[in-house]
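Structure first, then comments.
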Amino acid sequence: MKIKPILEFEKVALTKSSNMLDLHSHQHYELYFLLSGTRQIFLEDCFFEMTANTFIVFPPHCAHKTEGGAFTRINLNLPPQLISEEQQKFLNTIAKKALILDERYKELILSLLNEACYIQSKNKNNAETYLKPFAEMIITLLSLQKHDFIKAEE
């Protein structure tokens with residue numbers, strides 16, 4: 001039986017520390033947008049800290065985990081089968097770096113992420129139909145600012 005790839009927007013807000021015990025990976029892209037708080041990112045063989053208004057792309061099969069105090073984040077879990085080769089190539093070029101959202105696009109991206117989370121919560125059976133355009137728009141907005149990305153560790 002073939003498992004259908006799932007497109008998912010997931011918002012998590014925790015008021016206390018949260019630490020993943022083990023490194024893990026996925027078959028999909030994980031676009032991790034940190035809205036508030038700080039998180040320590042363990043990524044294959046490196047470690048760095050993320051702060052609010054930064055994001056990171058974990059490509060498929062990339063071992064990672066996060067640790068830290070209270071935070072709010074939205075993840076976009078995106079199967080590679082649902083996007084073009086060009087979009088996958090772009091995500092791979094920006095992957096594995098904590099990047100700061102450009103001020104010109106930040107509010108629009110955050111608005112799209114929040115709206116997608118809301119739509120997903122209201123349309124459980126048919127969510128993917130409505131969510132794919134949100135995912136594509138977010139990738140497009142990120143690609144428009146690709147030359148302006150600042151690595152958070154800088």
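The values are calculated or read from the model by the stated rules, or taken from the named source; none is laboratory data. Worth saying up front: this structure is predicted, and the values here are computed from it rather than measured. Don't worry about glycine lacking a Cβ; one is built from the backbone with ideal geometry, like all the others, and counts go over all protein chains shown. Accessible surface is based on the protein model in full, side chains and every heavy atom, while ligands, DNA and RNA are left aside. Shrake-Rupley method; radii C 1.70, N 1.55, O 1.52, S 1.80 Å.
A compact table of results
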read-out	value
Long-range amide H partners of TYR29 with built H, under 5 Å	LEU78
Axial C-alpha extent at least 30 Å, average Kyte-Doolittle at least 1.6 - helices from the chain (DSSP)	none
Using θ = phi - 60° and Karplus 6.51 cos²θ - 1.76 cosθ + 1.60, couplings along the range 18-30 (whole Hz; Gly, Pro as x)	8, 10, 6, 6, 10, 5, 8, 9, 9, 8, 10, 6, 10
Long-range HN-HN contacts of ALA52 with modeled amide H, under 5 Å	GLY37
log₁₀ of I(q)/I(0) at q = 0.17, 0.18 Å⁻¹ - the range 87-145, Debye sum with one point per alpha carbon	-0.63, -0.69
Residue order for HIS61, HIS26 - accessible surface, 1.4 angstrom probe, largest first	HIS61, HIS26
Projected label distance in nm at LYS65 and THR93, using a 7 Å step from Cα toward the beta-carbon	3.3
Stokes-Einstein diffusion coefficient of the range 5-154, Kirkwood radius over Cα pairs, 4 °C, 1.567 mPa s, in µm²/s	84
Å² per residue, accessible surface of the range 1-133 at 1.4 Å	55
Carbon plus sulfur fraction of accessible area for the chain, probe 1.4 Å, in percent	52
